[in-house]
Amino acid sequence: MAIDQDTGRPPPGTGHHGERTAGGGAQFTCAICGQLAGVIRLAPAGTPVDMGEPMGTDTRQQDGASIRWLGVVWKEIGPDAWARASQVLATTHPDPGALHAIDWELAPFWCRQCQQCYCRDHWLPIVILDEGFYDCTEGLCPAGHRQMLDD
């Protein structure tokens, strides 16, 4: 992502909507730095999915989505959510808010209050432990809004 030399900021619109990818998914850029905030790709059951290092390629037996952000996670998706997410991802500039409304885990990098996407470097993670064991990660966006990032 190119940064505007005059303003030192990403181009207008960065962080609001995604760009479609060749694999049928979408990528979203950070509203602060213009770097990659997240990538989502739907994968029907039986489709090999790149789960990143160290897991490599995996084939799931359920319809779902791979979400690349704090690593790569797999999210199983039911038929209704699949149809809705497919419609969002089929648009020229997919709306992360619409994905978040279907299931927040489809766009955890999107701040629902700012209505902006932020990369992992611009979220302040807050790890929540329950009796010494990992429970979830919440985070603060650059404007200080707190929300769930990983559950």
Cα→Cβ-extended label distance, 7 Å offset, between Q115 and D58, nm = 3.5 nm
Expressed as a whole-number percentage, the relative contact order of the stretch 100-151 with C-alpha contacts under 8 angstrom and at least six residues apart is 29 percent
Net charge of neighbours whose Cβ lies under 10 Å from the Cβ of A81, counting Lys and Arg as +1 and Asp and Glu as -1 = -2
At what distance in nm do the modelled label points of A83 and I126 sit from each other, each positioned 7 Å from its Cα along Cα→Cβ?
-> 3.8 nm
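Just the Kirkwood number for the chain, please: inverse of mean 1/r across all distinct Cα pairs, in Å, one decimal.
15.9 Å
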What relative contact order, as a whole-number percentage, does the stretch 22-122 give when Cα pairs under 8 Å and 6 or more residues apart are counted?
-> 27 percent
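Read-outs: derived from the displayed coordinates by stated rules, not from any lab. Computed from a predicted structure; not experimentally measured. Every residue, glycine as well, gets a Cβ built from its backbone with ideal geometry; the counts of neighbours run over all protein chains shown.
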